[in-house]
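Asks: Handing you this structure, nothing more for now.
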Amino acid sequence: MRDAVSTARRSPSIRDILIQAAIWSAVSLVALAFFWLLADLLRHGAQRLDWAFLTALPKNAGRDGGVAPILVSTLLIVAIAMALAAPLGLATAIFLSEFTRVGGRLARWTSLSLDVLAGTPSIVFGLFGSAFFSAFLGLGFSILSGGMTLACMALPILIRATEAGLRMAPGEWRLGAAALGVSRATLLWHVLVPAAAPSLAAGLMLGIGRAMAETAALIFTSGYVDRMPSSLFDSGRALSVHIYDLTMNVSGGDQNAYASALVLIILLIAANSLALWLSDRMFGQRITSS
Amino acid sequence: MTQADESRGADTHGAYTLKPLVAGPPCCEPKKLIGVEKLSLRYNGVPAFEDVSLDIYRGCVTALIGPSGCGKTSFLSSINRLSDLIPGCEVEGRITVDGENIRNPRADVQALRRRIGMIFQKPNPFPLSIRRNLEMPLKEHGVKIRAELDERVWRALADVGLWDEVKDRLDTPALALSGGQQQRLCIARALALRPDVLLMDEPCSALDPLASAVVEDLIASLRGRYTVVIVTHNLAQARRIANYAGFFWVKERAGALIEFDHCHRIFEAPRHELTAAYVGGRRG
Ligand SMILES: Nc1ncnc2c1ncn2[C@@H]1O[C@H](COP(=O)(O)OP(=O)(O)OP(=O)(O)O)[C@@H](O)[C@H]1O
Ligand SMILES: [Mg+2]
């Protein structure tokens with residue numbers, strides 16, 4: 001008893017101090033890197049970023065003018081990717097969590113291939129998208145084939161996150177439902193999926209965010225035409241492609257590249273908050289906060 | 001004032017709606033509801049219990065007692081065929097409800113489980129609102145009309161003495177309730193389906209003594225209206241609420257039913273010396 005008290009009161013040892021210092025410096029390093037990046041973006045991009053920038057057409061290969069068509073193309077591509085990835089991802093995750101055993105052969109192989117896919121460089125997805133959606137399905141350089149490619153890229157992360165969310169449901173719910181004569185489908189729809197909704201939203205954001213920030217997947221599929229798209233079959237330049245083009249191919253495009261990068265970051269943050277808010281609002285009252 | 005309002009008014013005086021019925025038909029002329037004949041259950045070939053035969057009487061509380069691991073939970077789960085869901089679990093023998101063999105592969109398991117509700121040791125409300133916890137199974141079993149849903153929700157909650165505690169927060173998460181309230185909600189959820197039988201697996205063991213007493217009173221108040229089979233490690237509780245008692249014991253590495261009789265006989269004049277030793281607190 002006395003020992004316990006004295007241990008608790010003893011001043012922290014050198015080792016504790018070192019470990020704490022290491023943890024804190026690691027944390028501050030990460031935070032610093034992020035804030036440095038943000039500050040840099042703000043410093044270079046903020047004065048360009050205004051309403052006019054968002055609503056004007058790009059001029060002079062993007063050196064002047066705004067990003068209106070690029071913003072529209074980006075939003076369309078992301079919307080298509082989400083609309084495709086969410087139901088497919090949810091269905092696959094349900095299949096994995098409900099109809100395969102953990103450690104079973106099917107589950108092992110599927111998760112292995114998903115992990116490999118999640119780590120595949122985006123250029124590979126870009127090549128696949130260009131060969132399959134653009135060439136084989138004949139969609140050419142189009143917003144549709146860009147969105148489909150992004151969906152493929154987002155799926156592995158999305159499926160893994162949703163599956164983990166579904167598997168987290170305690171076995172008592174399943175047993176309780178069975179004991180009440182409630183079918184598995186009802187349980188899934190009314191209990192398990194809502195409970196996994198935050199994971200689905202998080203997975204969607206992670207997946208789409210990763211894909212949206214990648215240039216290589218879109219250059220070959222949605223292309224780099226910077227005109228306002230008039231349909232989903234038109235080519236449309238995404239923000240990431242625009243930034244890449246401005247920094248690499250257009251001398252004097254730095255200012256607008258920074259401003260576009262800022263737009264992209266704001267878009268990502270907004271999408272993130274929206275997903276969290278939505279999943280909270282739709283399902284928050286049904287599940288507890290704990 | 002509608003009829004529902006009237007009875008609701010009566011309820012605010014603090015009585016369970018089932019209370020008056022306790023004084024109803026006594027259990028002195030037992031009528032068999034569930035018959036179990038030579039039932040054995042194995043997990044991956046290892047027997048959990050063997051050769052159990054007993055009758056469960058309509059409207060009575062039957063308590064199952066015995067040490068840990070003698071197959072009481074397994075026995076309960078074979079009655080509502082929850083054991084079907086456990087991989088590697090094989091059941092052998094006959095179980096009849098109202099004379100009908102429920103182990104018949106063509107029997108409607110969903111309907112069986114509506115008729116035979118089960119309460120688990122750990123309260124297991126769904127992560128939904130209090131109201132939807134009750135409505136979801138009701139809708140599953142075809143109750144769709146709003147008025148009837150409301151009526152059943154209200155009655156079930158009133159029956160477990162929970163209505164006054166939760167009537168202002170029916171749409172808040174059920175998981176925010178206390179453990180004792182959650183357990184009563186689970187009982188209400190089963191009662192809302194108007195079952196004939198309630199199987200209860202140590203329903204009070206995760207609760208504090210006060211909440212446990214409330215649930216115990218509730219079970220006592222169900223006597224006469226429902227047929228209750230309760231597994232409990234609390235011998236005093238079994239003695240207080242049960243009409244019949246069965247004593248399980250591990251014999252030759254598998255559980256077996258040693259003695260089954262009127263509750264007072266088990267506790268006061270057991271025929272088997274193992275029973276006498278167990279209820280006397282000398283073993284187990
Ligand atoms: N799902 C299962 N798979 C394999 N063996 C099991 C399973 N469930 C129970 N058993 C085994 O069956 C035997 C009986 O278990 P059961 O849970 O029915 O006992 P119990 O009487 O309810 O015990 P307790 O009083 O501790 O709840 C035990 O030996 C246990 O190890
Ligand atoms: Mg048990």
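The values are calculated or read from the model by the stated rules, or taken from the named source; none is laboratory data. Everything numeric here is computed off the predicted structure, so don't read it as measured data. With ideal geometry, Cβ positions are generated from the backbone for all residues, glycine too; neighbour counts draw on all protein chains shown. Only protein heavy atoms, including side chains, enter the accessible area calculation; ligands, DNA and RNA are left aside. Shrake-Rupley method; radii C 1.70, N 1.55, O 1.52, S 1.80 Å.
Asks: With +1 on each Lys and Arg Cβ and -1 on each Asp and Glu Cβ, how big is the dipole of the range B:69-189 about its Cα centre, in debye rounded to the nearest 20? Walk me through the intermediate numbers first.
Replies: Numbers: 20 positive and 16 negative charges, 22 e Å.
The dipole magnitude comes to about 100 debye.
Asks: Put +1 on the Cβ of each Lys and Arg and -1 on the Cβ of each Asp and Glu in the protein assembly as shown; which of A:PRO121, A:VAL250, B:GLY142 then has its Cα farthest toward the positive end of the dipole?
Replies: B:GLY142
Asks: Give the shape of the range A:1-128 as rounded, prolate or oblate, defined through the alpha-carbon gyration tensor: a ≥ b ≥ c are the square roots of its eigenvalues, a/c under 1.5 means rounded, and otherwise the shape is prolate if a/b is larger than b/c and oblate if not. Show your work: numbers first, answer last.
Replies: Working: a/c = 3.23, a/b = 1.28, b/c = 2.52.
It is oblate, given that a/c is not under 1.5 and a/b is not larger than b/c.
Asks: Amide H of B:GLY255 versus every other amide H placed in the peptide plane: which residues, excluding those fewer than 5 positions away on the same chain, fall under 5 Å?
Replies: B:PHE49, B:GLU50
Asks: Regarding the protein assembly as shown, what's the average projected area of the Cα-atom convex hull, expressed in nm²?
Replies: Working: hull surface 154.5 nm².
Mean orientational projected area (the protein assembly as shown, Cα hull): 38.6 nm².
Asks: Could I ask something else about it? Net charge within 15 Å of A:GLY62 by Cβ-Cβ distance, Lys/Arg positive one each and Asp/Glu negative one each, not counting A:GLY62 itself? Write out the running numbers ahead of the final one.
Replies: Numbers: positive: A:ARG48, A:LYS59, A:ARG63, A:ARG227, A:ARG237; negative: A:ASP64, A:ASP226, A:ASP245, A:ASP254.
Residues near A:GLY62 contribute +1 overall.
Asks: So, one more: Loop only per DSSP, at most 15 neighbouring Cβ atoms within 10 Å: give me the trypsin sites (Lys or Arg not before Pro) in the range A:162-239, ordered by residue number. Please list the in-between numbers first.
Replies: Numbers: sites: A:ARG167, A:ARG174, A:ARG184, A:ARG210, A:ARG227, A:ARG237; in loops: A:ARG227, A:ARG237.
Answer in residue order: A:ARG227.
Asks: With a 1.4 Å probe and all protein chains in place, put B:HIS272, B:HIS141 in order of accessible area, largest first. Let's see the in-between values first.
Replies: Working: B:HIS272 75, B:HIS141 55 Å².
Correct descending sequence by accessible area is B:HIS272, B:HIS141.
Asks: Work through the residues other than B:CYS204 whose Cβ is under 13 Å from its Cβ and net out their charges, Lys, Arg +1 and Asp, Glu -1.
Replies: Values: positive: B:LYS122, B:ARG184, B:ARG240; negative: B:ASP201, B:GLU202, B:ASP208, B:GLU216, B:ASP217.
Charge balance near B:CYS204 sits at -2.
Asks: Now a separate question. Nearest 100 Å², what total accessible surface is buried between chain A and chain B (probe 1.4 Å)? Write out the running numbers ahead of the final one.
Replies: Working: alone 16700 and 13500 Å², together 28230 Å².
Chains A and B together bury approximately 2000 Å².
Asks: I'd like the Karplus ³J(HN,Hα) series for the range A:172-186: coefficients 6.51, -1.76, 1.60, θ = phi - 60°, whole numbers in Hz, and an x wherever there's a Gly or Pro.
Replies: Karplus values, whole Hz, x for Gly and Pro: 4, 5, 5, 5, x, 5, 4, 5, 8, x, 8, 6, 4, 5, 4.
Asks: Nearest 10 degrees is fine. How inclined is helix B:209-222 to the longest principal axis of chain B, computing both from alpha carbons?
Replies: Approximately 90 degrees, to the nearest ten.
Asks: A follow-up question, please. Can you pull the mean other chain C-beta count within 10 Å for peptide A:179-192? Mind showing how you got there, number by number?
Replies: Working: counts 18, 18, 16, 11, 2, 0, 1, 4, 3, 0, 1, 7, 6, 2.
Partner Cβ neighbours, averaged per residue: 6.
Asks: Using the heavy atoms of the protein chains alone and a 1.4 angstrom probe, what is the accessible area of chain B per residue in square angstrom?
Replies: Working: 12550 Å² over 284 residues.
Using a 1.4 Å probe on heavy atoms only, each residue of chain B averages 44 Å².
Asks: Let me have the 222 nm mean residue ellipticity of chain B computed from DSSP H runs of 4+ only, each contributing -39500 (n - 2.57), with the sum over all residues rounded to the nearest 500. Numbers along the way, then the final one.
Replies: On the way: 12 runs with 105 residues, N = 284.
Roughly -10500 deg cm²/dmol at 222 nm, from the helical runs in chain B.
Asks: Oh, and also: Take the residue pairs B:LYS122/B:LYS167; B:LYS144/B:LYS167; B:LYS31/B:LYS72; B:LYS31/B:LYS122; B:LYS38/B:LYS251; B:LYS72/B:LYS122 and return only those whose Cα atoms are more than 27 Å apart.
Replies: Working: B:LYS122/B:LYS167 24 Å; B:LYS144/B:LYS167 21 Å; B:LYS31/B:LYS72 23 Å; B:LYS31/B:LYS122 31 Å; B:LYS38/B:LYS251 16 Å; B:LYS72/B:LYS122 16 Å.
With Cα atoms farther than 27 Å apart: B:LYS31/B:LYS122.
Asks: Continuing with this model, one more query. Quick one: 3J(HN,Hα) in Hz for the range A:15-28, Karplus 6.51/-1.76/1.60 with θ = phi - 60°, rounded, Gly and Pro as x.
Replies: Result, rounded to whole Hz: 4, 4, 4, 4, 4, 4, 4, 4, 4, 5, 5, 4, 4, 5.
Asks: Using +1 at the Cβ of each Lys and Arg and -1 at the Cβ of each Asp and Glu in chain B, identify which of B:ASN133, B:GLY280, B:PRO105 lies farthest towards the dipole's positive end.
Replies: B:PRO105
Asks: Where a ≥ b ≥ c are the square roots of the eigenvalues of the C-alpha gyration tensor, would you call the range A:51-289 rounded, which needs a/c under 1.5, or, failing that, prolate if a/b is larger than b/c, or oblate?
Replies: Numbers: a/c = 2.78, a/b = 1.94, b/c = 1.44.
Verdict is prolate for the range A:51-289.
Asks: Out of all Cα-Cα pairs in the range A:137-229, roughly what percent, to the nearest whole number, are more than 21 Å apart? Working shown, then result.
Replies: Values: 2120 of 4278 pairs.
That fraction is 50 percent.
Asks: Shifting gears a bit: Given axes a ≥ b ≥ c from the Cα gyration tensor, I'd like to know whether the range B:127-225 is rounded (a/c under 1.5), prolate (a/b larger than b/c) or oblate.
Replies: Numbers: a/c = 1.85, a/b = 1.31, b/c = 1.41.
Cα axes put the range B:127-225 in the oblate bin.
Asks: Could you give each residue of the range A:205-222 its phi-based ³J(HN,Hα) in whole Hz, using Karplus coefficients 6.51, -1.76, 1.60 with θ = phi - 60°, and x for Gly or Pro?
Replies: 5, 4, x, 5, x, 4, 5, 5, 7, 8, 8, 4, 5, 9, 4, 7, 10, 9
Asks: Based on the inverse mean of 1/r over its pairs of different Cα atoms, what is the Kirkwood hydrodynamic radius of the range B:138-284, in Å?
Replies: Working: mean 1/r = 0.0581 Å⁻¹.
Radius from the Kirkwood sum: 17.2 Å.
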